[in-house]
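One structure is given below, encoded as structure tokens.
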2 protein chains.
Amino acid sequence: MTAPTLDVIAIGNAIVDVMAPADEATIERLGLAKGGMTLVDTARAQELYDAMGSAKEISGGSAANTLAGLAALGAKCAFIGQVADDQLGEVFAHDIRAGGIAFETPMRAGDPPTARCLIFVTPDGERTMNTFLGASQFLPPAALDDELIASAAVLYLEGYLWDPEEPRSAMRRAIGVARAAGRKVAFTASESFVIERHGDDFRALIDEGQIDILFVNEHELATLTGMSDFEAGVAAVSAKVPVLVATRSAKGAIAVAHGERAEVAAEPVARVVDTTGAGDLFAAGFLAGHVRGAPLGQCLKLGAICAAEIISHYGARPEADLQKLVAEKLG
Amino acid sequence: MTAPTLDVIAIGNAIVDVMAPADEATIERLGLAKGGMTLVDTARAQELYDAMGSAKEISGGSAANTLAGLAALGAKCAFIGQVADDQLGEVFAHDIRAGGIAFETPMRAGDPPTARCLIFVTPDGERTMNTFLGASQFLPPAALDDELIASAAVLYLEGYLWDPEEPRSAMRRAIGVARAAGRKVAFTASESFVIERHGDDFRALIDEGQIDILFVNEHELATLTGMSDFEAGVAAVSAKVPVLVATRSAKGAIAVAHGERAEVAAEPVARVVDTTGAGDLFAAGFLAGHVRGAPLGQCLKLGAICAAEIISHYGARPEADLQKLVAEKLG
């Protein structure tokens, strides 16, 4: 087993976010699930876009956002995800590469177009996401670069992408490649609905010891374990997963690693502008510490700092100089 | 002559801005004309995009930005401009319509793609623009809706669009339509290079009394008149143009209308984040007052308030509730 040359390789949705402010009445009128992520088809995406105010396009995608944070913190990263051969695909590819992240998955010709997520941001900073998956759901197992996967210390997988069939097969194969190379597999649950639909898969992966690092929020943990008590859920999952990270929004986060437990409070934020990407950037900060062998408490603190940065502005890609920010905050 | 049913109809470039922060060293390394607007071809646009950091896409275009401000202030507006039948064209069309602005120019099939402006924003808030005109320069005279033009109190023309041949013909024809209907013609000089190339055209239009309202900045005024003294330039042009508005960045702006002169200081801004659209939004505020018959000083004040809003954030489309902002500032 050779030493890894990459820190993290991620497989995730390749999405451009289309973001606009919206008032509460609009959320209600359009029948949106406030604060959640809903998959939408072409017709619904068009209907929602027509109803949306003047927007900004900013590259997104959960795992891609995490990599953007990791790369900004100095980690060496690569991304695998499917865009179409269109202008939004070019935008996504440009932005991820501009962050210094290797991205070589070939564009997919023809329909459907590159994925987009229509995000309505209410005055409380909450984001309501409506995702048109487009090309993203057609990531084929053949797009995996086994050598690249084997070269990364951590393979990071996005739960959202477990839903469509082709990428699910691709991720299963990637887990095998990473484990055969002696690498760690990290998984983010992404959203409760994913666990509702594929909980059996995830529980099996956990029981088989395929997941080394698991990111969940409170709600996802409850869905995964069937336990409404947070601590009971933590105990149950941490018995099977070497590193468990559970985020609790404004209540901070906890991690249990090989029996050691640490907690962190949420980092104070002057004004929550847009919560899009909070979980993604928490994972970025945590993993950045983890791959450097930082103490568990410091990994959590890094996560909290990055999450606070992302919710203080529009969009899920970091704007501040994260390395400088972290240096200031950690002292 | 019937009463106008629209306040302002504008003809301008239909552009999506691609914006990213950049340091001074990058501006120098890429050989960019800091603070200016440079036209770029496909190859140079690709080269600059490759060198650019992770970006945001936000609809732009000088006259389109002005209309966005006008519409936000309650004016009834329509836009004429050429996008291609592609994703960025959809973005532009969505955003302008989302502002309540009528936009019916048919998309243009095939190459070139929709115009984009690669904007590097330095830490001092200065924007350096590199425009790939794409489809925008192929606005045909046939795309004009004469009835719509005749229905607007003001026809607003973007100087940038005087450069390519087809839109120049279209604008010449539009001036004829507007004047025949007894409407006013407003013109923004846009940038000194436009006047360097087409100064004879502009001076002829002014001499013939075709321009009712002219927007220039200090530098453009000097280029137009050949006079380095600001006051001498103002005197020369205001003798021929019924309403002259001359902006002077941080020094504020002056207007001379039918012999009456007014001045306004620049509105204070906590932090200049991005100057993109400052002139466009000044014109929006001024025209919003003008079409309602507001006193000259108040028209200038409205311009200053809108310009201050736009430079306090990324992008050239207003984010704050301009009507509320104006109500607060005017007291």
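We did not get these values from a lab; they are worked out from the coordinates using the rules stated. Nothing here was measured: the structure is a model prediction, and the numbers come from that model. Neighbour counts run over all protein chains shown; Cβ positions are idealised from the backbone, glycine included.
Quick query: amide H of B:Arg108 versus all other amide H atoms, modeled in the peptide plane; which residues come in under 5 Å with a sequence gap of 5 or more or a different chain?
When sequence neighbours closer than 5 places are left aside, the close amide H contacts are B:Val83, B:Ala84, B:Asp85.
Would you please give the residues with an amide H less than 5 Å from that of A:Asn217, counting only those at least 5 places away or on a separate chain, with H modeled from the backbone geometry?
Residues meeting the criterion, in which the H sits 1.01 Å from N, are A:Thr247.
Past the 21 angstrom mark, what percentage of all C-alpha to C-alpha distances in the stretch A:195-331 do you count?
Percentage above 21 Å: 41.
Mind pulling the per residue volume of the convex hull built on the Cα atoms of chain B? Å³ is fine.
Looking at chain B, the number lands at 123 Å³ per residue.
With label points built 7 Å along Cα→Cβ from the Cα atoms of B:Ala294 and A:Ala270, find their separation and express it in nm.
2.9 nm
Using only the alpha carbons of the stretch B:1-83, what is the convex hull's orientation-averaged projected area in square nanometres?
Quarter of the Cα hull surface area: 7.5 nm².
If you restrict to DSSP beta bridges whose two residues both lie in chain A, what percentage is antiparallel, to the nearest 5?
Expressed as a percentage, antiparallel bridges in chain A total about 35.
Taking the highest mean first, how do the peptides B:237-248, B:138-149 order by number of other beta carbon atoms within 10 angstrom per residue?
B:237-248, B:138-149
In whole Å and largest first, what semi-axes does the C-alpha gyration tensor of the stretch A:149-205 yield when each eigenvalue is scaled by 5 and square-rooted?
Result for the stretch A:149-205: semi-axes of 21, 11, 10 Å.
For a quick protection proxy, order the peptides A:109-119, B:54-64, B:284-294 by their average other-Cβ count within 10 Å, most packed first.
B:54-64, B:284-294, A:109-119
Size of the stretch B:31-144 along its principal axes in angstrom, Cα-based, largest extent first?
Cα extents, longest axis first: 40, 34, 23 Å.
Along Cα→Cβ, 7 Å out, is where each label goes; now give me the distance between the ones at A:Ala25 and A:Arg203 in nm to one decimal.
4.6 nm
Taking amide H atoms as placed 1.01 Å from N in the peptide plane, list the residues 5 or more away in sequence, or in a different chain, whose amide H sits under 5 Å from that of B:Ile15.
When sequence neighbours closer than 5 places are left aside, the close amide H contacts are B:Gly60, B:Gly61.
Between B:Ala51 and B:Glu231, what length in nm is gained on full extension when 0.36 nm per residue of separation is reduced by their alpha carbon distance?
Net length gain for the segment: 60.6 nm.
Taking each residue of B:50-61 in turn, how many C-beta atoms of other protein chains fall within 10 Å of its C-beta, and what is the average?
The per-residue average across the peptide is 6.
Run the helix sum for the protein assembly as shown: -39,500 (n - 2.57) per DSSP H stretch of 4+ residues, divided by residue count, reported at 222 nm to the nearest 500 deg cm²/dmol.
-12000 deg cm²/dmol
Given q = 0.06, 0.10 Å⁻¹, what are the Debye log10 I(q)/I(0) values for the protein assembly as shown, with equal point scatterers placed on the Cα positions and solvent ignored?
For the requested q values the scattering log ratios are -0.36, -0.90.
Per 10 Å bin from zero, what fraction in whole % of the C-alpha pairs of the stretch B:113-231 is there, up to the bin with the longest pair?
So the P(r) values, bin by bin, are 13, 38, 34, 14, 1.
How compact and how long is the stretch A:95-165, expressed as Rg and Dmax of its alpha-carbon atoms in Å?
Expressed in Å, the Cα Rg and Dmax of the stretch A:95-165 come to 15.1, 46.
Output the Kirkwood hydrodynamic radius of the stretch B:215-292, Cα pairs only, in Å rounded to one decimal.
Roughly 13.2 Å, rounded to one decimal.
Quick check on the exposure proxy: order A:Glu90, B:Glu260 from fewest to most C-beta atoms within 10 angstrom.
By the 10 Å Cβ count, ascending: B:Glu260, A:Glu90.
Find how many whole Å separate the alpha carbon centroid of the stretch A:109-186 from the alpha carbon centroid of the stretch B:17-63.
Cα centres, the stretch B:17-63 to the stretch A:109-186: 31 Å.
Pull up the DSSP beta bridges for the stretch B:94-203 and report the antiparallel fraction as a percent, rounded to 5.
Around 55 percent antiparallel, to the nearest 5.
Within the stretch B:107-144, list the residues whose amide N lies under 14 Å from a label point set 7 Å along Cα→Cβ of B:Ala33.
B:128-132
Highest GNM mean-square fluctuation, chain B, Cα pairs closer than 10 Å: which of B:Asn65, B:Asn217, B:Asn13?
Greatest mean-square fluctuation among the candidates belongs to B:Asn217.
On average, how many beta carbons from a partner chain sit within 10 Å of the beta carbon of a residue in B:262-268?
Neighbouring Cβ atoms belonging to other protein chains average 0 per residue here.
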